[in-house]
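Heads up: the structure comes next, in structure tokens.
The values are calculated or read from the model by the stated rules, or taken from the named source; none is laboratory data. The model shown is predicted, which means the values in this text are computed figures rather than measured ones. Reconstructed Cβ throughout: ideal geometry from the backbone, glycine too, with neighbour counts over all protein chains shown.
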Amino acid sequence: MVHASGLYVSEVRMVLTGARDRVRAFLTVIFNRTLVVNNMKLIADNDGKMFLDMPTRALGDHCPMCGSVTEYRHFYCYKCGTKLASAESRCTRYRPDGSLKLYVSTTFPCDDTFREQIEDIVFHVFNAALQHRFERSIMRFDERGEPLGSMEAMQPRVLLTEEIGT
């Protein structure tokens, strides 16, 4: 169904992770066949209730020498010039002192009705993927939110030599 903003979910791509993980699925949602939002997640809380987590990124960390906030993509502290640990080693949920790192949502709906529309469609796709036992699935929708055809299993795509550039 089309939201007042004119946006609608036209496609959902989902990869299930397994029932033992808190993150139950990773998603890519396409709006109006033109806008792609990657890195959405379906997460189960401690009570097993599911919620849709929008894309996030870590804000940054503190320089070990001067304490100034640094972005994760930087290799040196912009204030004192200290060489920082690699971005891969700093991209965890916890700082070395055990405190949680701060994350910020990068994409999110501005009103609750649109978020609920997205969640309804995503939960529909999740339940259909479980029913069909598809680890990787794709489902397309029209402007009214009605499925276009049935759910398809996505096959892992093998890149051609021309696409890799070798």
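List of remarks:
- Top-ranked residue in the stretch 100-137 [being of a type in the set (A, V, I, L, M) and modelled with pLDDT under 85; ranked as surrounded by the most Cβ atoms within 10 Å (Cβ to Cβ)]: Leu102
- Tallying residues that are modelled with pLDDT of 75 or more and in contact with a Leu (Cβ under 8 Å, 6 or more places away or on another chain) within the stretch 75-99 yields 3.
- Restricting the stretch 112-150 to residues that are over 19 Å from the mean Cα position of the chain (by Cα) and among the acidic types (Asp, Glu), the residue that is nearest to Tyr8 (Cα to Cα): Glu143
- Selection within the stretch 15-48 - part of a strand (DSSP E or B) and not hydrophobic (A, V, I, L, M, F, W, C): Arg24, Thr28, Asn38, Asn39, Lys41
- The sole residue among Asp21, Asp45, Asp61 that is at pLDDT below 90, touching a helix residue (DSSP H, G or I) at 6+ places or on another chain (Cβ under 8 Å) and of a type in the set (D, E, K, R) is Asp61.
- Residue ID - surrounded by the fewest Cβ atoms within 10 Å (Cβ to Cβ), chosen from residues in the stretch 28-80 that are farther than 21 Å from Thr106 by Cβ and polar (S, T, N, Q): Asn46
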